[in-house]
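> The following block contains the structure, expressed as structure tokens.
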Amino acid sequence: MKRMIFLPILLILVAGPSAAEEPRPTPEQVQFFEAKVRPLLFNHCQRCHGPEKQSSGLRLDSAAAVRKGGDSGPVLVPGKPEESRLIRAVRRRDETLQMPPKEPLKPEEVAILTEWVRMGAPWPEAPASTATRPDIDTARRNHWSFRPLAEVRIPEVRDVAWPLNEVDRFILAQLEAQGLTPVEPADKRTLIRRVTFDLIGLPPTPEEIAAFEADSSPDAFARVVDRLLASPHYGERWGRHWLDVVRYADTAGDNSDYPVPQLYKYRNWVIQAFNQDKPYDQFLREQIAGDLLPARDDQDRYDKLIATGYLANSRRFGSYEDARYQWYLTYEDTIDNLGRTILGLTISCARCHDHKFDPITTEDYYALYGFFQSTRYPWPGTELSKAPYDLVPLVPPEVSEPVMKERQAKLAVFDAEIQQLEKAKAAVAKAVKEAEAALPSFSEESDGKEEGERRLAEARQQFEELTKAVQAAKIRRERFAKTPLPFETAYAVAEGTRWVGNARIQIKGDPGRLGPEVPRRFLTVLGGQVLPAGVKGSGRLELAGWLTDPHNPLTARVMVNRIWQYHFGRGIVATPSDFGVRGEKPTHPELLDWLARRFIDSGWSIKAMHRLIVLSRTYQLSSRDHPANAMADPGNTLRWRYNRHRLDAESIRDAMLAVSGGLDRSPGGPHPFPNQTTWDFTQHKPFKAVYETNRRSVYLMTQRIQRHPYLALFDGPDTNASTAVRLTSTTPLQALFLFNDPFVHEQARKFAARLLAEYPEDTGRIERAYLLAFGRPATAAEHAAGKSYLARVRAKLASTGVVGEEQTAAAWESYVRAILMANEFVYVN
């Protein structure tokens, strides 16, 4: 019977999914296709491979046609770009297969098609079109997230003794309606470990646990919460959450992935803003328009300038510094992140066509585009100049302006010298060609031949000398341009200098095909406020006001949902960066609106929202199972218990440092990047580095193009895109890291040395190890197992000649490494 059952399953696995069973594209894949792949195919391929003409029998305008291929068979192998004829053709490495035939695709366009095939060549079911446009605003504006915040009444509950605050009444009302009973509260040790990791990302000390257990007052837990919220480590923990969604990185993401030495200031500004409980609306305004806001003094002005590092942090593409640079992709990255992070909307889906699902039009997209097109972004360096420019001085104008004027004047002298040498070089190049052309007219016996050869040799030598002179002048200019300024700068934005005004629609997302101009304004579905006629600059200050207007139904909803998500592992809306039609509906819509209203009324205080949530009974429940509840609500969406979860990458690393005693708790500063004057990064030799530190993991240097090895291994954030929810994977490589990585061995050595220094015998050491690592005392069985393990390791070490203190240290290092690898160390109940 077993063989009868197993064989069909095996056959299904071997056969694989049929064409009809192809997995549906994810929302991210849909966005990638609509924003990048479809416009590329339309602009470059479908003229010859579309509905009107099918060269070689190939059509590239539908999923079925692409899968079918042409007269020579399939043109792509999903997931395998190296085996796909389409990719070989656009790379033009085969003389018999080069497409498009006349003008090659740009390298970044080839990269887009390659990535599309690598992800399986997903193709959304319905084609996007702007030929016929439904009345988007009236058809979809009644979606729940676009409605004003509801005036919610706190629900009545039967068990009036259970709720500790209003949050509990919303939760309990739904549980009672479904006939579910919440589990018992967590014990004190579990609770303090949970909330300490939750609020500061570090384990509680044994002394903190003991003090909480001994405190029998009604507000004992509230005092723990207030202590944690006042800790400087709170901002490091919750600032990291914000850095996830704004896709923070310390490099630019261009082909060379140039370092951005100044961007740590924005990271530290975020951490400090959380520690100060900066009101969330002000927090957003400073990041969108800090350079345009009034300031109390110079330091406040500099802080607000640094805050606009949020916009400056938008990804750079390519390496050009002139008009050829594709700024439209950087603006798209800005708009995409602003939409996802602040509004919970996928606005950039409307770059090439009206949004397929949400009430966002192409006009809406380019109305926002104008704000950022009118903004000056800084450059960290490029392949042409290898020097940063357009950084923002953090000194008064009377200090910076004379220096900048002198610098520009010197650069102008360099440029004039180079131009003059280039002009002379061009003249000599012309003389070389003329001398070469004249030589055949002389016969071998002619007196003029020797003179012609002499002139040609002189011209060639002169050309070589001028070539060297041009190169030397460029090197001198480059060296001067890379000389750091004599004052602090910020990687921040400023009002535009090249262009200030409205944007024009880019037809099908192609900046080379411009349509009508669109006035700068807010999204139509959120009010469509138009920039006043008297505004002379970018309009970012007005945009910041519209984003943080209390009548905007999305900004407060999105943020309180994120706070709830980070406390419980899942938001009231499970798609925290997509509140649109394709996103999940809220499990507790009344609670979401009540929290959003409470958030606004509290003065947009994030710490007040923490207190409200973690002081609820809902947060303080145990993580134990309840079979009847699990049958009715297996996903625990109704919150009848707390979800056990694994620590994130940063907390695992920080906890190792904390228990070993090796954690440097001081704030992180700049990274040890190479000296700016030596920068010579190119797309073929991009910047790559990993800098070790014993500070909190939020201070690790992170790149866009190359992920930090540890963070990549333990599901850290994607620095190329907004990370709304971190996935949790379990892989053999994670286990191998804990077995073998020098960092783990170093922390185990320090942990063992700490225990050996604090206690003279194994019983006390084992007890202390459990208290530090797990927040609880060891059981009798664990004491016995620990002593047995240590005895075996000591015996093995003795057989190899390791004795005395060295033997004791090595045995304990092995033992505590096993503790650091335990599930209990990396999981929170």
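> Treating the beta-carbon of each Lys and Arg as +1 and of each Asp and Glu as -1, no other charges, what is the dipole magnitude of the chain about its Cα centre, to the nearest 20 debye?
Values: 110 positive and 107 negative charges, 232 e Å.
Dipole size: approximately 1120 debye.
> Given a 1.4 Å probe and the protein chains all in place, what does the accessible area of ILE154 round to, in Å² to the nearest 10?
Accessible area, nearest 10 Å²: 60 Å².
> Compute the Cα gyration tensor for the stretch 202-323, then decide on rounded, prolate or oblate, letting a ≥ b ≥ c be the square roots of its eigenvalues: rounded whenever a/c is under 1.5, prolate when a/b is larger than b/c in the other cases, and oblate in all that remain. Let's see the in-between values first.
Values: a/c = 3.63, a/b = 2.00, b/c = 1.82.
Verdict is prolate for the stretch 202-323.
> Something else: Amide H to amide H, which residues 5 or more places from GLY70 or on other chains are under 5 Å from it, using H placed in the peptide plane?
VAL75
> Kindly list the residues of the stretch 165-179 that lie in the label zone of ALA608, defined by a backbone N under 20 Å from the point 7 Å along the Cα-to-C-beta vector.
Residues passing the 20 Å test: 165-170.
> For a 19 Å ceiling on Cα separation, which of these pairs sit above it: LYS36/LYS356; LYS36/LYS106; LYS430/LYS474; LYS405/LYS482; LYS386/LYS685?
Working: LYS36/LYS356 15 Å; LYS36/LYS106 13 Å; LYS430/LYS474 22 Å; LYS405/LYS482 16 Å; LYS386/LYS685 13 Å.
LYS430/LYS474, as the Cα separations exceed 19 Å there.
> On average, how much accessible surface per residue is there in the chain, in Å², for a 1.4 Å probe, leaving out ligands, DNA and RNA?
Numbers: 38510 Å² over 829 residues.
Per residue, the chain has an accessible area of 46 Å².
> Given an 8 Å cut-off on Cα distances and at least 6 residues of separation, report the relative contact order of the stretch 671-829 as a percent. Don't jump to the answer; show the numbers that get you there.
Working: 99 pairs, mean separation 28.2, N = 159.
Reported relative contact order: 18 percent.
> Output the peptides 571-577, 211-217 sorted from most to least packed, where packing is the average of other Cβ atoms within 10 Å over each peptide's residues. Before the final figure, lay out each step's value.
On the way: 571-577: 23.0, 211-217: 12.3.
Top of the packing list down: 571-577, 211-217.
> Report the net charge of residues surrounding ILE347, where surrounding means a beta-carbon distance below 9 angstrom and charges are Lys +1, Arg +1, Asp -1, Glu -1. Could the numbers behind the result be given before it?
Values: positive: ARG340, ARG351; negative: ASP336, ASP358, ASP364.
Within the 9 Å Cβ shell, the charges total -1.
> Using only the heavy atoms of the protein chains and a 1.4 Å probe, how would LYS688, LYS750 rank by accessible area, largest first? Don't jump to the answer; show the numbers that get you there.
Details: LYS688 135, LYS750 50 Å².
Largest to smallest exposure gives the sequence LYS688, LYS750.
> Provide the packing ranking of 156-162, 551-557, i.e. peptides ordered by the mean count of other C-beta atoms within 10 Å per residue, highest first.
Working: 156-162: 11.7, 551-557: 21.3.
With the highest mean Cβ count within 10 Å placed first, the list reads 551-557, 156-162.
> Can you tell which of ALA822, GLN807, ALA791 lies farthest toward the positive end of the dipole of the stretch 716-829, using +1 and -1 charges on the Cβ of basic and acidic side chains (Lys, Arg; Asp, Glu)?
Ranked along the dipole, the leading option is ALA791.
> Sticking with this structure for a sec: Ignoring ligands and nucleic acids, what accessible area does ILE209 show with a 1.4 Å probe (Å², nearest 10)?
Here the accessible area works out near 0 Å².
> Want the number for GLU806 to ALA533: 0.36 nm per residue separation, take away the alpha-carbon distance, what's left? If you can, show how the numbers build up before the last one.
Values: separation 273, 0.36 × 273 = 98.28 nm, distance 7.77 nm.
Stretched out fully, the GLU806 to ALA533 stretch lengthens by 90.5 nm.
> SER231 label point, 7 Å along Cα→Cβ, cut-off 14 Å on backbone N: hits in the stretch 175-217?
191-212
> What is the percent carbon and sulfur in the accessible area of the stretch 252-343, measuring with a 1.4 Å probe over the protein chains and ignoring ligands? List each step's numbers first, then the result.
Working: 1230 of 2690 Å².
On the stretch 252-343, the fraction of accessible area on carbon and sulfur atoms equals 46 percent.
> Would you list GLU805, GLU767, GLU103 from the most to the least accessible area, probe 1.4 Å? Numbers along the way, then the final one.
On the way: GLU805 165, GLU767 55, GLU103 140 Å².
Ranking GLU805, GLU767, GLU103 by accessible area, largest first, yields GLU805, GLU103, GLU767.
> What length, rounded to one decimal in nm, is gained on full extension from ILE475 through to ASP94, with 0.36 nm per residue of separation minus their alpha-carbon distance?
Working: separation 381, 0.36 × 381 = 137.16 nm, distance 3.74 nm.
Between ILE475 and ASP94, full extension yields an extra 133.4 nm.
> Using a 1.4 angstrom probe on the protein heavy atoms only, line up VAL744, VAL413 by accessible area, largest first.
Details: VAL744 0, VAL413 100 Å².
Accessible-area ranking of VAL744, VAL413, largest first: VAL413, VAL744.
> Given that just one value was derived from the coordinates, which of (i) 31.6, 119; (ii) 50.2, 153; (iii) 27.4, 88 is Rg and Dmax of the Cα atoms in Å?
(i)
> Go through the stretch 636-647 residue by residue and turn each phi into a ³J(HN,Hα) via Karplus (6.51, -1.76, 1.60, θ = phi - 60°); whole Hz please, and just put x for glycine and proline.
Calculated HN-Hα couplings, in order: 6, 5, 8, 6, 8, 8, 8, 7, 5, 8, 7, 5 Hz.
> Rank-order 259-268, 819-828, 385-394 by packing density, defined as the average count of other C-beta atoms within 10 Å over each peptide's residues, highest first.
Details: 259-268: 23.3, 819-828: 16.0, 385-394: 19.7.
Descending mean neighbour count gives 259-268, 385-394, 819-828.
> Distance between the C-alpha centers of the stretch 192-270 and the stretch 288-306? Whole Å please.
Taking the Cα centre of the stretch 288-306 as reference, the centre of the stretch 192-270 is 25 Å away.
> Roughly speaking, what is the centre-to-centre gap between the stretch 768-829 and the stretch 485-525 when only Cα atoms are used, to the nearest Å?
Each part reduced to its Cα centre gives a spacing of 60 Å.
> Please report the accessible area of VAL470 (heavy atoms, 1.4 Å probe, ligands and nucleic acids excluded) in Å², nearest 10.
Rounded to the nearest 10, that gives 10 Å².
> Something else now. Measuring from centroid to centroid over Cα atoms, what is the spacing of the stretch 678-708 and the stretch 609-627 in Å?
39
> When the dipole is taken about the Cα centre of the stretch 160-255, and only Lys, Arg (+1) and Asp, Glu (-1) are charged at their Cβ, what size is it in debye, to the nearest 20? Spell out each step's value before the answer.
Details: 10 positive and 16 negative charges, 14 e Å.
It works out to roughly 60 debye.
> Now for a separate question. Please give the length that would be gained between THR26 and THR779 if that part of the chain were fully extended, namely 0.36 nm times their separation in residues minus their C-alpha to C-alpha distance (nm, one decimal). Present the calculation step by step, with values, prior to reporting the outcome.
On the way: separation 753, 0.36 × 753 = 271.08 nm, distance 4.73 nm.
Gain in length upon complete extension: 266.3 nm.
> A further question on this structure: Which of the listed residues, ALA472, VAL403, VAL413, is farthest toward the dipole's positive end in the chain, when Lys, Arg count +1 and Asp, Glu count -1 at the beta-carbon?
ALA472
> Hey, another quick one. Among TYR234, PHE317, TRP269, which residue has its Cα positioned farthest towards the positive end of the charge dipole of the stretch 206-351, with +1 placed on the Cβ of Lys and Arg, -1 on the Cβ of Asp and Glu, and the dipole taken about the Cα centre?
The Cα lying farthest towards the positive end belongs to PHE317.
> So what's the back-of-envelope 222 nm ellipticity for the chain, counting only DSSP H runs of four-plus at -39500 (n - 2.57) apiece and dividing by all residues, rounded to 500? Write out the running numbers ahead of the final one.
On the way: 33 runs with 399 residues, N = 829.
After summing the helix terms and dividing by residue count, I get -15000 deg cm²/dmol.
> Next up: Which shape class, rounded, prolate or oblate, goes with the stretch 536-672 when its Cα gyration tensor gives a ≥ b ≥ c as root eigenvalues, a/c under 1.5 marks rounded, and past that a/b bigger than b/c marks prolate? Please list the in-between numbers first.
Numbers: a/c = 2.06, a/b = 1.09, b/c = 1.89.
It is oblate, given that a/c is not under 1.5 and a/b is not larger than b/c.
> Charges at C-beta only: +1 for Lys and Arg, -1 for Asp and Glu. How large is the resulting dipole of the stretch 330-427 about its Cα centre, in Debye rounded to 20?
In debye, rounded to 20, the stretch 330-427 gives about 320.
> With labels modelled as points extended 7 Å from the Cα through the Cβ direction, what inter-label distance (nm, one decimal) is found for HIS745 paired with ARG158?
6.1
> Related question: Hey, what did the chain get for relative contact order, percent, Cα under 8 Å, at least 6 apart?
Numbers: 1217 pairs, mean separation 138.4, N = 829.
For the chain, the relative contact order is 17 percent.
> While we're on this one: Quick check: from the Cα gyration tensor, does the stretch 264-410 come out rounded (a/c under 1.5), prolate or oblate?
On the way: a/c = 2.30, a/b = 1.24, b/c = 1.86.
Note, shape of the stretch 264-410 comes out oblate.
The values are calculated or read from the model by the stated rules, or taken from the named source; none is laboratory data. These figures come from a predicted structure and were not determined experimentally. Virtual Cβ from ideal backbone geometry, glycine too; neighbours counted across all protein chains shown. Keep in mind that these areas ignore ligands, DNA and RNA; they rest on the heavy atoms of the full protein, side chains included. Shrake-Rupley method; radii C 1.70, N 1.55, O 1.52, S 1.80 Å.
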